[in-house]
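The values are calculated or read from the model by the stated rules, or taken from the named source; none is laboratory data. Quick caveat, the model's predicted, so the values are computed rather than measured. Here the Cβ is made from the backbone with ideal geometry for all residues, glycine too, and neighbour counts use every protein chain on show. The area values use the complete protein model at the heavy-atom level, side chains included, leaving out ligands, DNA and RNA. Shrake-Rupley method; radii C 1.70, N 1.55, O 1.52, S 1.80 Å.
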Amino acid sequence: MPRPHFYLLLALLAAYGLSASTGWLEARLDGWAYYQDVLIGIGINIILAVSLNLVNGYTGQFSLGHAGFMSVGAYLAAAVSLFLGPRLLGEEGGTAFQQGLMFLAALTAGGLGAALAGVAVGIPSLRLKGDYLALVTLGFGEIIRVIFQNVEVLGGALGLNGIPAYTSLFWVLAVGAVTVFTVTSLVHSTYGRGFLATHDDEVASEAVGLNTTRYKIVAFVIGAFFAGAAGGLYGHFKMTITPTGFDFTKSIEIVVMVILGGMGNTLGVILAAILLTLLPEVLRPIAEYRMIIYSLLLIVLMIVRPQGLFNFKFGKAKL
Amino acid sequence: MSEFLQQLLNGLSLGAIYALIALGYTMVYGVLRFINFAHSDVFMVGAFLGYYLGKFIPENTVGGGLLILLGAMLGCAVLGMTIERLAYRPLRGAATLNVLITAIGVSLLLEYSGQVFFGATPRTFPAVFPSANFTLGGLVISSNQVVVIVVTALLMVGLQFIVYRTKIGTAMRAVSLNPKAAQLVGVNNDIVISFTFGLGSALAGAGGILYALNYPSIDPLMGVMPGLKAFVAAVLGGIGNIPGAALGGLLLGTVETFVNGSQWSTYKDAIAFAILIIILLFRPAGLLGKASVEKV
């Protein structure tokens with residue numbers, strides 16, 4: 001991996017450039033608003049998939065509760081902007097810079113909250129393996145959803161409305177770049193080799209002195225942090241969030257991206273996230289049948305290319 | 001006291017349905033070691049088969065009701081075997097994760113096809129069995145609850161017979177114990193696995209009809225929650241263990257009904273998962289399962 005810092009800087013610059021030229025594009029490109037929405041959706045899915053890939057792909061711990069962490073982040077970030085925002089920014093809503101700072105604080109709070117949830121879920125459940133771990137994380141995700149449905153302050157089953165629309169292409173790209181940067185430089189660092197070792201052979205890793213439990217929890221918590229940030233972006237993009245939007249079908253959607261991309265292959269996962277977000281958009285004219293095609297594709301791909309769509313390292317697709 | 005008994009009765013009839021679905025999960029897990037996510041949608045198809053068969057068969061007769069039940073079970077058995085043949089058999093020997101994702105794919109396929117072919121709006125399930133309410137010392141027993149409990153009990157006895165007293169049942173147990181060794185002594189694993197899917201799916205079909213009798217609003221996503229809870233029931237009893245699945249289903253149904261009747265009713269969906277987590281953390285083999293030592 002040559003100089004990830006350089007790529008991060010490049011991505012941030014690109015994000016800034018793109019956000020600066022939004023006005024220009026809007027004037028010249030028909031239906032830019034729609035494209036922008038699709039792009040933001042892709043970006044959020046990339047963040048979710050890449051962060052889950054750290055847990056499912058690199059560390060080999062099958063989690064089905066990513067949407068749960070996403071919802072914690074979405075709710076916390078939305079709560080920060082809704083309840084703290086008016087007090088700090090005043091009635092007028094403050095300048096663009098102040099709003100930006102506010103949003104950054106909200107996203108960080110969302111991420112940290114989700115990371116905290118990750119610690120709480122991870123410590124008990126990461127003792128389990130395989131199917132059982134998948135089920136426990138699924139269970140935790142559903143419990144988080146039911147709790148949100150019952151908390152009146154957060155809108156109960158109706159969810160939160162009127163969240164300020166802070167999310168822009170710039171924010172999505174920037175958070176996405178930071179996510180990709182963190183995950184790739186982490187797994188390529190000396191410390192991060194431990195994630196791969198945990199994935200490859202837990203017993204052997206422990207025999208050479210790695211604390212595999214700690215690696216699993218660290219992966220889980222970092223994954224949850226970025227899922228929370230993605231949740232914050234999602235909430236400030238849709239402007240309304242409901243508990244049912246984060247049920248286990250959402251988790252499965254993210255897992256599918258990771259698996260199609262090829263577990264433990266960040267570039268592949270990014271491509272899969274793009275493809276799977278675009279697919280329903282492309283199939284929109286045949287709206288009724290699009291989900292049927294989506295699920296059929298999933299089955300066929302698993303049978304024909306079990307190592308993932310974008311995993312070109314043949315014979316290395318160990319799961 | 002009479003309220004307690006009433007809730008217990010309601011809980012048992014709900015639990016009986018969970019048990020029927022859980023049996024399918026547990027049997028498939030026993031022979032193939034993976035969670036068949038599509039099972040809950042076979043359950044949904046069972047209810048819809050009953051709905052469509054109900055148009056041709058006179059309502060409110062015991063014979064007609066049984067005919068619908070058998071028809072749905074047969075249809076679901078065929079569906080389950082087809083799913084196994086087309087989607088899971090090509091993946092025999094693949095990583096568990098791939099099979100799991102395929103199962104999720106099949107589940108989504110059934111749900112979305114259901115939304116296209118059956119329509120997404122809920123339908124009212126016909127009263128296929130004649131219904132009446134009996135009162136017994138302050139207890140209100142509906143005939144549908146009796147049907148649920150009787151049919152479930154009969155199916156379980158039948159299943160027990162098949163698994164422990166027939167040749168194919170012995171083969172099923174052999175495959176579940178050790179697939180390779182079973183093959184070596186002449187068991188045709190493909191046939192056994194196909195049969196297991198058929199059997200499990202037939203039970204899910206029966207579960208679908210019985211569920212729809214008690215909750216007569218059916219839609220293509222109706223299987224998701226009962227399916228997940230039935231899976232929890234299977235884990236609770238000890239996955240791969242047939243009496244365990246029955247016990248787990250009854251326990252879960254009872255606990256859920258009591259929670260539903262209390263002030264915590266809005267948390268009833270969380271209860272199943274809380275039980276799942278506690279069981280997996282403290283007794284991963286389930287109530288009746290044997291703890292296995294993992295060898296390196």
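Does the stretch A:311-319 contain any residue that is at the interface with another protein chain (Cβ under 10 Å from one of its Cβ atoms), farther than 30 Å from A:Gly110 by Cα and surrounded by 17 or more Cβ atoms within 10 Å (Cβ to Cβ)? Checking the stretch A:311-319: at least one residue is at the interface with another protein chain (Cβ under 10 Å from one of its Cβ atoms), farther than 30 Å from A:Gly110 by Cα and surrounded by 17 or more Cβ atoms within 10 Å (Cβ to Cβ). For the stretch A:117-143, a residue qualifies if it is open to solvent by 30 Å² or more (accessible area, probe 1.4 Å) and either more than 9 Å from chain B (Cβ to nearest Cβ) or on the phi > 0 side of the Ramachandran plot (or both), and the qualifying residues are A:Val119, A:Ala120, A:Ile123, A:Gly130. When the stretch B:259-278 is filtered for residues that are facing chain A (nearest Cβ under 7 Å) and among the small types (Gly, Ala, Ser), the ones remaining, listed by number, are B:Ala270, B:Ala274. Would it be correct to say that B:Leu139 is open to solvent by less than 70 Å² (accessible area, probe 1.4 Å) and over 23 Å from B:Gly205 (Cβ atoms)? Considered against the rule, which asks whether it is open to solvent by less than 70 Å² (accessible area, probe 1.4 Å) and over 23 Å from B:Gly205 (Cβ atoms), B:Leu139 comes out as yes. Scanning the stretch B:245-276 for residues that are of a type in the set (A, V, I, L, M) and farther than 24 Å from A:Glu152 by Cα turns up B:Ala245, B:Ala246, B:Leu247, B:Leu250, B:Leu251, B:Leu252, B:Val255, B:Ile275, B:Leu276.
Yes or no: A:Leu82 aliphatic (A, V, I, L, M), buried (at least 16 other Cβ atoms within 10 Å of the Cβ) and over 14 Å from A:Lys216 (Cβ atoms)? So A:Leu82 passes the test. Please go through the stretch B:223-258 and pick out each residue that is more than 10 Å from chain A (Cβ to nearest Cβ) and in a loop (DSSP other than H, G, I, E, B). Scanning the stretch B:223-258 gives B:Gly223, B:Gly238, B:Gly240, B:Asn241.
If I go through the stretch A:226-264 residue by residue, how many of them are closer than 29 Å to A:Pro306 by Cα, out of contact with any Phe, Trp or Tyr (no Cβ under 6 Å at 6 or more places or on another chain) and either aromatic (Phe, Trp, Tyr) or part of a loop (DSSP other than H, G, I, E, B) (or both)? Of the residues in the stretch A:226-264, 5 are closer than 29 Å to A:Pro306 by Cα, out of contact with any Phe, Trp or Tyr (no Cβ under 6 Å at 6 or more places or on another chain) and either aromatic (Phe, Trp, Tyr) or part of a loop (DSSP other than H, G, I, E, B) (or both).
Quick check on B:Gly80: is it away from chain A (no Cβ under 12 Å) and out of contact with any strand residue (DSSP E or B) (no Cβ under 9 Å at 6 or more places or on another chain)? Yes; evaluated as a whole, the condition is true for this residue.
Scanning the stretch B:17-63 for residues being closer than 24 Å to B:Ile101 by Cβ, of a type outside the set (Phe, Trp, Tyr) and in a loop (DSSP other than H, G, I, E, B) gives a total of 4. Among the residues of the stretch B:95-106, is there at least one that is open to solvent by 30 Å² or more (accessible area, probe 1.4 Å), in contact with a Gly (Cβ under 8 Å, 6 or more places away or on another chain), among the hydroxyl-bearing types (Ser, Thr, Tyr) and more than 29 Å from B:Gly54 (Cβ to Cβ)? Within the stretch B:95-106, one or more residues are open to solvent by 30 Å² or more (accessible area, probe 1.4 Å), in contact with a Gly (Cβ under 8 Å, 6 or more places away or on another chain), among the hydroxyl-bearing types (Ser, Thr, Tyr) and more than 29 Å from B:Gly54 (Cβ to Cβ). B:Leu221 - would you say it is touching a residue at least 40 places away in the same chain (Cβ under 8 Å), over 17 Å from B:Gly253 (Cβ atoms) and not acidic (Asp, Glu)? Spelling it out, B:Leu221 is indeed touching a residue at least 40 places away in the same chain (Cβ under 8 Å), over 17 Å from B:Gly253 (Cβ atoms) and not acidic (Asp, Glu).
One line per residue, one yes/no per condition, for (1) over 24 Å from B:Leu9 (Cα atoms); (2) more than 14 Å from chain A (Cβ to nearest Cβ); (3) open to solvent by 10 Å² or more (accessible area, probe 1.4 Å):
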site	(1), (2), (3)
B:Pro58	yes, yes, yes
B:Leu67	yes, yes, yes
B:Val116	yes, no, yes
B:Val151	no, yes, yes
